[in-house]
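Input: a single structure, listed below in structure tokens.
The numbers here are math on the coordinates, done by the rules we state, and not lab data. Bear in mind the structure is a predicted one, so any value in this text is a computation, not a measurement.
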Amino acid sequence: MTVDELHTFLSSTFDLVTDPVERGSARTYFLGNVVWHPSATTRILRVGCGVNNHVSHIKLCVSSDNNNSVFVRLPVTWPELERIVASEISLQARNQPLST
């Protein structure tokens, strides 16, 4: 799976967005607005790029914590990835504080 294929899938299926000023060989995907602050972050995934523009790893940002990173086992099928990302978005929604 190439980074471009994954980007198209994530942006069209889940409306995830990237930070346009982020540099390097990885992209962070956000739900809605780009918010980096830990207390209100909207980070969902961090995707690393390897050789020939292929995805080298996909980190689940909501499932990970300061001491442990959770990664998607590659290769992964599109239906399985869709289930994993939907689950991560669901976790994000449950972790957000209620606005008053």
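For segment 55-94, just say rounded, prolate or oblate: build the C-alpha gyration tensor, square-root its eigenvalues into a ≥ b ≥ c, call rounded for a/c under 1.5, and beyond that prolate if a/b exceeds b/c, oblate if not.
oblate
For Cα pairs less than 8 Å apart in space and 6+ apart in sequence, what is the mean separation divided by the residue count of segment 34-85, i.e. the relative contact order in percent?
Taking the mean separation of contacting Cα pairs over the length of segment 34-85, I get 22 percent.
For the chain, count the residues as N, evaluate 2.2 N^0.38 Å, and divide the Cα radius of gyration by that value, please.
Here the answer is 1.04, to two decimals.
Calculated from DSSP H runs of 4 or more alone, at -39500 (n - 2.57) each and per residue, what is the 222 nm mean residue ellipticity of the chain, nearest 500?
Result for the chain, helices only: -10000 deg cm²/dmol.
Anyone know which of 53, 67, 33 comes out most mobile in the 10 Å Cα GNM of the chain?
67
Below 8 Å, C-alpha to C-alpha, sequence gap of six or more: please give me the relative contact order for segment 3-95 in percent.
Relative CO of segment 3-95 lands at 18 percent.
Using modelled amide H (1.01 Å from N, peptide plane; none on Pro or chain starts), what sits under 5 Å from the amide H of residue 44, excluding residues fewer than 5 places away?
Those qualifying (amide H under 5 Å, at least 5 residues apart or on another chain) are 29, 30, 31.
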